[in-house]
Amino acid sequence: MNKIRVIARAVARHGKETEVRDLLRGMLAPTRNEVGCEVYELFESHTPGTFYFYELWESKAALDRHAATPHYLDLQEQLTGLLAGPFEVSLVHNLGEET
């Protein structure tokens, strides 16, 4: 089974940095407790209000289950109007690993 790596990016609108930070932090505990979640880390850039998630999932099915959870769907709704652009989610692969 191939593990799935994700890098997600969210940029808060000016003045909404704290609100977005709090919402994203609220995802950590419930997501880390999901079956199939191996790594779920949140980072903030040196540019305040720019946030990145690094995620490692045991499978695409585990990631798909995550995207259907109430806490993920609720986050999407709560972020409406708080971001400067779309919430970007990218599936990535490590170029330093053998495929």
> Whole-Hz Karplus ³J(HN,Hα) for the range 5-14, in order, using 6.51 cos²θ - 1.76 cosθ + 1.60 and θ = phi - 60°, x for Gly and Pro?
Replying inline: 10, 10, 10, 10, 10, 9, 10, 6, 5, 4
> What are the trypsin sites (Lys or Arg not before Pro) within the range 13-50 that DSSP puts in a loop, where the Cβ has at most 16 other Cβ atoms within 10 Å?
Replying inline: 13
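Which net charge results for the neighbourhood of residue 67, defined as the other residues with beta-carbon distances under 12 angstrom from its beta-carbon, given Lys and Arg at +1 and Asp and Glu at -1?
On the way: positive: 60, 65; negative: 34, 55, 64.
Charge balance in the 12 Å sphere: -1.
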> Which one of 79, 40, 95 has its Cα pushed farthest toward the positive end of the charge dipole of the chain, where Lys and Arg give +1 and Asp and Glu give -1 at the Cβ?
Replying inline: 79
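How much accessible area per residue does the chain have, counting only protein heavy atoms and a probe of 1.4 Å, in square angstrom?
Details: 6260 Å² over 99 residues.
So the chain comes to 63 Å² accessible per residue, rounded to a whole number.
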>> Under the rule of at least 5 residues apart or a separate chain, name every residue whose amide H is placed under 5 Å from the amide H of residue 84.
In response: 11, 12, 13
> For the chain, with equal point scatterers placed on the C-alpha atoms only and solvent neglected, what are the log10 I(q)/I(0) values from the Debye formula at q = 0.20 1/Å, to two decimals?
Replying inline: -1.01
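Rounded to a whole number, what % of the accessible area of the chain do carbon and sulfur atoms account for, probe 1.4 Å? Mind dumping the intermediate values first?
Numbers: 3300 of 6260 Å².
Carbon with sulfur: 53 percent of the solvent-accessible area.
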> Do any GluC sites (Glu not before Pro) in the range 9-99 lie in a loop, going by DSSP, with at most 10 other beta-carbon atoms within 10 Å of their beta carbon, and if so which?
Replying inline: 97, 98
>> Roughly how far apart, in whole Å, are the Cα centres of the range 64-99 and the range 19-49?
In response: 10 Å
> Where nothing but the Cβ of Lys and Arg (+1) and of Asp and Glu (-1) is charged, how large is the charge dipole of the chain around its Cα centre, in debye to the nearest 20?
Replying inline: 140 debye
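Using unit Cβ charges (K, R positive; D, E negative) and no other charged atoms, how large, in debye to the nearest 20, is the dipole of the range 52-99 about its Cα centre? Working shown, then result.
Numbers: 2 positive and 8 negative charges, 25 e Å.
Charge dipole of the range 52-99: 120 debye, to the nearest 20.
The values are calculated or read from the model by the stated rules, or taken from the named source; none is laboratory data. Since this is a predicted model, take the numbers as computed values, not measurements. Positions of Cβ are generated from backbone atoms using ideal geometry, with glycine treated the same way; all protein chains shown enter the neighbour counts. Note: areas computed on protein heavy atoms with side chains; ligands, DNA, RNA excluded. Shrake-Rupley method; radii C 1.70, N 1.55, O 1.52, S 1.80 Å.
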